[in-house]
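Data block below; observations after.
Each reported figure results from applying straightforward, stated rules to the coordinates on display, with no laboratory input. Note that the structure is predicted; figures quoted are calculated from it, not measured. Because the Cβ atoms are built from the backbone with ideal geometry, glycine has one as well, and the counts that use them run over all protein chains shown.
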């Protein structure tokens, strides 16, 4: 909330009334922070009091399809549009249903991290990434200014295009690619005084790249640079990077969080405060970055999530932990089967002890609130994996074409198993040279294992491989 001097008595009346609502929400927030992960996922900040007082007793969060909010008089309108009172005013800027989703995501990503968090929900995962990086790529002085950012090259194809084309080619902002993101020294060698942020996707799509989050955060913060982590494939059920020093976490809500496949969305969650040397006079810029983006750049750029998509995401989110446990266990079994298959020359999955990044992933990827019987959380590695078919690229295409139950689509994170060949789909625009740098060969099939019985997924993969 911003402050305004010399408020009229009418405006002050609404500000005073809003303080009561804010106090109720702070009480609810404090209470919910003491709850377990699953309870937060089910309830968020939608309380019994909120239901009875504001939503006619609706047990489930209502879907607000209205484009705008009406006000009682000019004084309330003035207070609302000056951000002096809680408001949603216009669905491009905010919406009650979207707020419910933002609150629960902020709580889950901040769960037992020791940090307070804030969240902004956007129309897609790509718009969440753009919303996160653009405020950090602003000019800081008159005249020409050199600036750069550092990113792992093992990223989703759309992220590669955003960084390489939209930022480098079109705006002249240098992206310094890290080819071995598990090597912290390589990151350090590319960060300098002009670096605005560093970006890591983990586990990466499709190669399963990973790194030591704390070591990377420490390297970034030593140069006053924020660490942004795309944790789409992990979700907060398996990994919460903010606990280990990340400043900003982004998600494609379209994927594992909204596993039902009915909605597209993105999320930006920031810890309070973030580390940055970018100068910005707005008090929220460092203290609550996601709120700053929501109140200003997001408001002006307009990448608003549709309320119905927010509700779909909210509903799928309620069982996130149990779903990620199930699909991760399924994926583990499929990966172990493929690792022994004679027609597969490499399996990329963090859950395999032989995978080079297994050890570092084991430090960070743990099912929230689980117990292995000794008081430690159980490792789960997600439901995204890749396998590389022996022989020429035509072999991978033949196997892919022979799937009978597994869907052929560019999607991932579904409750149903889905596969694609990234070199001809999600990473096609990246070009052959960049795909080689990112280790995305044409023989690689990306498989996202769903909630089917793993024996049935294995049977489908096996019969497809037998086509060779």
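Seen from all directions on average, the range 333-381 presents a Cα convex hull projection of 3.9 nm². For the chain, the longest principal axis of the alpha carbon atoms and the long axis of helix 9-33 meet at an angle near 40°.
Principal semi-axes of the equivalent ellipsoid, √(5λ) from the alpha carbon gyration tensor of the range 1-63, are 29, 15, 9 Å from largest down. In terms of the mean number of neighbouring beta-carbon atoms within 10 Å, the peptides 457-464, 40-47 order highest first as 40-47, 457-464. Orientation-averaged projection of the chain equals 23.3 nm² [convex hull of Cα atoms, one quarter of hull surface area].
In vacuo Debye scattering of the range 90-317, one point per C-alpha: log10 I(q)/I(0) at q = 0.11, 0.14, 0.16 Å⁻¹? Treating every Cα as an identical point scatterer, log10 I(q)/I(0) equals -0.49, -0.81, -1.09. With R₀ fixed at 30 Å, the C-beta to C-beta distance from residue 397 to residue 372 puts the FRET efficiency at about 0.15.
Residue exposure proxy: 440, 138, 59, ordered by other Cβ atoms within 10 angstrom of their Cβ from fewest to most, comes out as 59, 138, 440. Each part gets one Cα centre, and for the range 1-62 versus the range 362-398 those centres are 39 Å apart.
With Cα atoms as the point set, the range 1-109 shows a radius of gyration and Dmax of 15.0, 45 Å. Residue order for 252, 322, 118, fewest other beta carbons within 10 angstrom first, comes to 322, 118, 252. Put in order of Cβ neighbour count within 10 Å, fewest first, the listed residues 88, 187 become 88, 187. For the range 293-384, the alpha carbon convex hull comes to 185 Å³ per residue, rounded to a whole number.
Compared with the direct C-alpha span, the chain from residue 189 to residue 33 gains 52.2 nm at full extension, assuming 0.36 nm per residue. At q = 0.17 Å⁻¹ the log10 of I(q)/I(0) for the range 233-315 amounts to -0.80, computed by Debye summation with a single uniform scatterer per C-alpha, solvent ignored. With kT/(6 pi eta Rh) evaluated at 25 °C and eta = 0.890 mPa s, and Rh the Kirkwood radius from Cα pairs, the range 416-468 diffuses with a coefficient of 197 µm²/s according to Stokes-Einstein. Here the alpha carbons of the range 114-201 define both size measures, Rg and Dmax, at 13.8, 41 Å. Relative protection proxy for 371-383, 288-300, from highest mean packing down: 288-300, 371-383 (other beta-carbon atoms within 10 angstrom). Taking 0.890 mPa s as the viscosity and 25 °C as the temperature, the Stokes-Einstein diffusion coefficient of the range 165-212 based on its alpha-carbon Kirkwood radius rounds to 204 µm²/s.
Dividing the convex hull volume of the alpha-carbon atoms in the range 140-185 by its residue count gives 82 Å³ per residue.
One quarter of the convex hull surface built on the alpha carbon atoms of the range 320-465 amounts to 9.0 nm², the projected area averaged over directions.
From its DSSP helices (H runs of at least four residues, each -39,500 (n - 2.57)), the chain gives a residue-normalised ellipticity at 222 nm of -10500 deg cm²/dmol.
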